[in-house]
Amino acid sequence: MTSRAREIVAAACIAVLFGAGVSSAVVRSGESASSSSAKPSPSSSATIWDPRVLDIVQFVERRRGLRFKHPVPLDFLDDATFDKKVTSSGSPSVGQQTELANTVATLRAVGLAEGAPNLQTAEDKVASQSILGLYSPKAKRVFVRGSNLTPDVRVVLAHELTHALQDQSFGLSHLGQDDSGADTAFRALAEADAVRVEDSYVDTLPSADAKAFEATRAKQAKQADVPDVPEALVDDLAFPYVFGPAFVATLEQQGGNEAVDRAFKNPPQSEAQIVDPQSYLHGVTVTKVPAPGLTGGQKRIEKPHDVGQVSMLEVLGDRLPFDQAWGALEPWTGDQGLTYRENEKVCFAGDTALKDAASADAYETAAKTWAATMPAASVSRLSPTVVDLRSCDPGPAYTHPVPQPSAFKTLGLRSEIIAELQKAGLQYTLAACATDALVAKLGAGPLLTLNDVTNENDPRVIQVQRTTRQAVAACQRSASGSARI
C-alpha cells in the first residue's frame, strides 16, 4: 500500500476476510453486551475524560496493567466526516499517479493483479468499508465512526484507547514511517495487543449488548464490497489483525502483560517472527540481504525494501499449492526486494535468504515452478542460501491463470486456529503442531470453504473439531516421545 494507507496505524477492522467459522468453532469462548445510546459530544480538551467512557478507560488500564498519563481527546464523527479522515483528498499528483502506476505494474509482474485497477480508489474503498476507528499518534486523539455510544462504538473505543495507552507508555509515532519488515511486525504487535483488550471487553458485555454488537459486525461484514480491489492490498491491511493475535497470545502465556510490554521495548523485526513467535522468543535474527543487483539497461525505480515471508508466500502461493509454497518459505530468514525498469517495463527482483542450503534448494525448486507459469520470470542461485527471483510486468492485457486457494487466508486461518487453541490452554508449539496436522489432512481449499460455515452444529464443523482433538492428542504423544503424527 502507499504510505498514506500505512499511516492508519490504529485502525479497528471488521472481519472482511475471515468469518466466525472454523477458527472459532475449534474452541469457542466468549459471551456478550451493555450500552448507552446517549449522543456523546466531542472532547476538545485533554484535561478530563468524557465521563461516558470512563468505565472503558478503567477497563483498558486494568486489562493492560498500565495507567494513562493524561486523558485523550475523543472525536465522534458521522460517516462522511470519518471517511474524509481515512481516505484520499482530491486527485493524486503527477508523482503519486506515477507511484500508483508502478505499484500496479509491480503487482502484475508478480501475478497478484491484472488489468489496470485504480489503486487510490481501491485503497479508499477498503479504508471506508473496514476502518471503524483510529488513534492518531500525531494528533494524540481518537477518532471514531459513529455518533452514539452503541455497543459497537464502545468496543471500538476499547481498541483505540489501548493504542492511546500504548503511545503514552511506549511511543507509536515511528509507525508507518517506512515499509520495513520491522514496521510491519510492530504494527502487528500493536494491533494484536489492542485486539486482545477489545476481545476481553466484549466478554464483559451483557447478553443484549453482545448480541447487538455481533449483529452490527455481521452486517458490516456482509455489506463489505471489495471485489475490484487487488487481494494483496486487503491482505496488507489485514496482516496485523490476522497474524498478530497468536503472537501476542504466546507472549502473554510466557509472562502476561509484562512480556507484552517487553516486546514493545524490544519489538519483533519481521513478518516471520510474527508468524512464528518462537523465533522471536528464541532470539532468531533476520538475515541482512544485500539489494538485488542491476545491470546496464536496468534502472532502479525505488529504494530496496524488505519484502517479507508472508508477502513472498502470497506470490508463490498464487500459483503453487499451499503446502509447497509454505514449505519453501517457512525456512525464510530474510530478503530484499527492488523494482526497476528494463526495456520500458516495470520489473521486480526479490532476493530471499533461507536457513540452509537444503532449504534454499526447496525454495529454488518452488520458485522455478512458479516462474514457469509467468511470461517473463527467472530464478537464479546467488549463494548456497540465497535465491534471486525476477519477473517483469506482462502488461494490462495479460490474463493470469485461475489462482490457487489464497495462501494468505490459509496461513491466516492457521494462525487463528493456533490462537484459539492457545486460549484453551495449549502452549504454542503444541497448538502449531495440531493445526499443521489439521491443515495437512483437510487441505487449503476445503478448510477455507469450511471457514465460511458459522453453524457450530454443522457436521463438517463437528468433523473439524474431532480431527483437531485427534491432532492435539497425537502431538501430545509425539512430544512425550511415544508417537509421531
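List of remarks:
- Yes/no for residue 175 being touching a residue at least 40 places away in the same chain (Cβ under 8 Å) and assigned to a loop (DSSP other than H, G, I, E, B): yes
- The residue pairs whose first member lies in region 43-64 and is more than 13 Å from residue 142 (Cβ to Cβ), whose second member is of a type in the set (Asp, Glu) and modelled with pLDDT of 95 or more, and whose beta carbons are closer than 8 Å, counting only pairs six or more residues apart or on different chains, are 64/193.
- Residue 162 being at pLDDT 95 or above and either in contact with a helix residue (DSSP H, G or I) (Cβ under 6 Å, 6 or more places away or on another chain) or in the same structural domain as residue 420 (by TED's automatic domain parsing) (or both): yes
- So residue 366, is it in a helix (DSSP H, G or I) and either surrounded by 20 or more Cβ atoms within 10 Å (Cβ to Cβ) or among the β-branched types (Val, Ile, Thr) (or both): yes
- Filter pass, residue 9 being crowded, with 19+ Cβ neighbours inside 10 Å, modelled with pLDDT under 50 and more than 30 Å from residue 425 (Cβ to Cβ): yes
- Look at (1) among the hydroxyl-bearing types (Ser, Thr, Tyr); (2) over 23 Å from residue 195 (Cβ atoms); (3) surrounded by 20 or more Cβ atoms within 10 Å (Cβ to Cβ) and you find that residue 410 fails only one, number (2).
- Odd one out for residue 219 among (1) assigned to a helix (DSSP H, G or I); (2) touching a residue at least 12 places away in the same chain (Cβ under 8 Å); (3) among the charged types (D, E, K, R): (2)
- Among the residues making up region 196-249, those that are of a type in the set (Lys, Arg) and either at pLDDT 95 or above or over 30 Å from residue 264 (Cβ atoms) (or both) are 196, 211, 219, 222.
- Residue within region 392-406 that is surrounded by 19 or more Cβ atoms within 10 Å (Cβ to Cβ), modelled with pLDDT under 90 and not assigned by TED's automatic domain parsing to the domain that holds residue 329 present: no
- Count - residues of region 451-473 that are buried (at least 16 other Cβ atoms within 10 Å of the Cβ), farther than 22 Å from residue 275 by Cα and in contact with a Lys or Arg (Cβ under 8 Å, 6 or more places away or on another chain): 2
- Figure legend. Inter-residue proximity from region 110-135: first residues outside any helix (DSSP H, G or I), second residues aromatic (Phe, Trp, Tyr) and surrounded by fewer than 19 Cβ atoms within 10 Å (Cβ to Cβ), beta-carbon distance below 7 Å, spacing 6+ or different chains. Indicated pairs: 114/398.
- Selection count where residues are outside any loop (DSSP other than H, G, I, E, B) and either touching a strand residue (DSSP E or B) at 6+ places or on another chain (Cβ under 7 Å) or among the small types (Gly, Ala, Ser) (or both), scope region 369-400: 15
- Search result, residues across region 241-262 that are on the phi < 0 side of the Ramachandran plot, in contact (Cβ under 8 Å) with a residue 40 or more places away in the chain and surrounded by fewer than 21 Cβ atoms within 10 Å (Cβ to Cβ): 252, 253, 257, 258, 261
- Filtered residues of region 421-449 (kept if assigned to a helix (DSSP H, G or I), among the aliphatic types (A, V, I, L, M) and more than 20 Å from the chain's Cα centre (by Cα)): 430, 434, 437, 438, 440, 442
- Checking residue 294 against (1) assigned to a loop (DSSP other than H, G, I, E, B); (2) more than 26 Å from residue 372 (Cβ to Cβ); (3) touching a residue at least 12 places away in the same chain (Cβ under 8 Å), the condition it does not meet: (2)
- Taking the conditions (1) out of contact with any Leu (no Cβ under 9 Å at 6 or more places or on another chain); (2) touching a residue at least 40 places away in the same chain (Cβ under 8 Å); (3) of a type outside the set (D, E, K, R) in turn, residue 357 satisfies each one other than (2).
- Region 306-333, residues that are part of a strand (DSSP E or B) and surrounded by fewer than 24 Cβ atoms within 10 Å (Cβ to Cβ): 333
- Candidate set from region 375-391 (those that are of a type in the set (A, V, I, L, M, F, W, C) and over 27 Å from the mean Cα position of the chain (by Cα)); member that is surrounded by the most Cβ atoms within 10 Å (Cβ to Cβ): 377
- Selection from region 92-122 of residues that are within 17 Å of residue 375 (Cβ to Cβ) and among the acidic types (Asp, Glu): 114
- Scope region 104-131; condition modelled with pLDDT of 90 or more, crowded, with 19+ Cβ neighbours inside 10 Å and either under 14 Å from residue 77 (Cα atoms) or not aliphatic (A, V, I, L, M) (or both); matching residues: 106, 108, 111
The values are calculated or read from the model by the stated rules, or taken from the named source; none is laboratory data. These numbers were taken from a predicted model, which means no experiment stands behind them. Backbone-built Cβ (ideal geometry, glycine too); neighbour counts: all protein chains shown.
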